[in-house]
Amino acid sequence: MNLDVKEIFYSLQGEGGRQGEASIFIRLAGCNLKCDFCDTDFEDGTEMTRETIHTIIRQFPCQWIIWTGGEPTLQLTDDILWFFNNKGYKQAVESNGTQKLSPIFDYTVVSPKGSLAYAKQINPQVDELRLPIKENDSLPEIEWLPKAKKYFASPIFTDNPLQTKANIDHCVKQILSRPQWRLSLQIHKLIGIE
Ligand code: SF4
């Protein structure tokens, strides 16, 4: 029942449909993919009980948890989700689209990094679909993806400002021709918060 936790921090959701909302981020260690653009350190977590996690997060004046990773659903069980649900927390998850999501989550974000068809098959309906986009990537047809309340294209931020700008410009161009999509900028990177 213990979780391998990479980090816990309190900040604003930087992207997508809940952008700007205060949230407790719980980043779980481990991922089942190795994306070449991955900018997240998810190795070498610390084992924690759910009670320890609760002791840490109850210092924050906020009832929204965002489970992130890595791929958080590799570790999360319904028992763990009910534990925090019973403590009064709302729980969002950010998943790479390779795992079926529990109905206990209050807000689901799928950011498919593997097969789009498989992501749709295992989670036909999600709250938010968010796709990382770099220069020259094309936005897929909405029909290929899980049905979502909102579809976000998220330009990839890199260490090279010119490349980041090119990714953003490309994304904007794509959205102008595919208006079912909307832009999600990673504001936490723009304003220098965690
Ligand atoms: S799925 Fe996400 S966390 Fe895992 S390797 Fe890809 S970008 Fe990184």
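Extending 7 Å from Cα along the Cβ direction at LEU183 and again at LYS150 yields two label points whose distance is 1.5 nm.
Rolling a 1.4 angstrom probe over the protein heavy atoms with all chains in place gives the chain an accessible area of 51 Å² per residue. For LYS149, the aspartates and glutamates whose Cα comes closer than 13 Å to its Cα, not counting residues fewer than 8 places off in the same chain, are ASP127, GLU128. Sparsely packed loop sites in region 36-82 (the GluC sites (Glu not before Pro) outside DSSP H, G, I, E and B with at most 11 other Cβ atoms within 10 Å) comprise GLU43. Each Lys and Arg contributes +1 and each Asp and Glu -1, all at the Cβ; summed about the Cα centre of region 1-75, the dipole is approximately 340 debye.
Debye-formula intensities of region 13-91, expressed as log10 I(q)/I(0) at q = 0.17, 0.20, 0.24 Å⁻¹, are -0.75, -1.02, -1.32 (one equal scatterer per alpha-carbon, no solvent).
Between the amide H of ALA22 and those of GLN13, distances stay under 5 Å, these residues lying 5 or more places away or on another chain, with hydrogens modeled in the peptide plane. For LYS6, a cut-off of 17 angstrom between C-alpha atoms picks up these aspartates and glutamates, skipping any fewer than 8 places away in its own chain: ASP39, ASP41, GLU43, ASP44, GLU47, GLU51, GLU71, GLU94, GLU194.
With contacts taken as Cα pairs under 8 Å at a separation of at least 6 residues, region 68-194 carries a relative contact order of 17 percent. Overall dimensions of the chain, expressed as equivalent-ellipsoid semi-axes from the Cα gyration tensor (√(5λ), whole Å, largest first), are 28, 19, 15.
Backbone phi angles across region 11-28, fed through the Karplus curve with coefficients 6.51, -1.76 and 1.60 (θ = phi - 60°), yield HN-Hα couplings of 7, 9, 4, x, 8, x, x, 10, 3, x, 8, 4, 8, 9, 8, 10, 8, 8 Hz in residue order; Gly and Pro are listed as x. Put simply, region 69-171 fits an ellipsoid with semi-axes of 28, 16, 11 Å; these come from the alpha carbon gyration tensor as the roots of five times its eigenvalues, largest first.
Computed from the alpha carbon atoms alone, the convex hull of region 6-48 holds 97 Å³ per residue.
Relative contact order, whole percent, for region 58-122 stands at 30, derived from Cα pairs under 8 Å and 6 or more residues apart. Across region 67-75, computed HN-Hα scalar couplings (Karplus, 6.51 cos²θ - 1.76 cosθ + 1.60, θ = phi - 60°) run 7, 9, x, x, 10, x, 6, 5, 10 Hz from first to last residue, x flagging Gly and Pro. The charge dipole of the chain, taken about the Cα centre with unit charges on the Cβ atoms of Lys, Arg (+1) and Asp, Glu (-1), comes to about 660 debye, rounded to the nearest 20.
Near the amide H of CYS31, within less than 5 Å, lie the amide hydrogens of GLU71, all on another chain or at least 5 residues away, with H placed in the peptide plane. Among the protein heavy atoms of the chain, carbon and sulfur supply 51% of the accessible surface, probe 1.4 Å, non-protein parts ignored.
Of all DSSP beta bridges confined to the chain, the antiparallel ones make up roughly 30%.
The values are calculated or read from the model by the stated rules, or taken from the named source; none is laboratory data. Note that this is a predicted model, so its numbers are computed, not measured. Glycine also receives a Cβ, built like all others from the backbone with ideal geometry; neighbour counts cover every protein chain displayed. Side chains are part of the model used for accessible areas, which takes the heavy atoms of the whole protein and leaves out ligands, DNA and RNA. Shrake-Rupley method; radii C 1.70, N 1.55, O 1.52, S 1.80 Å.
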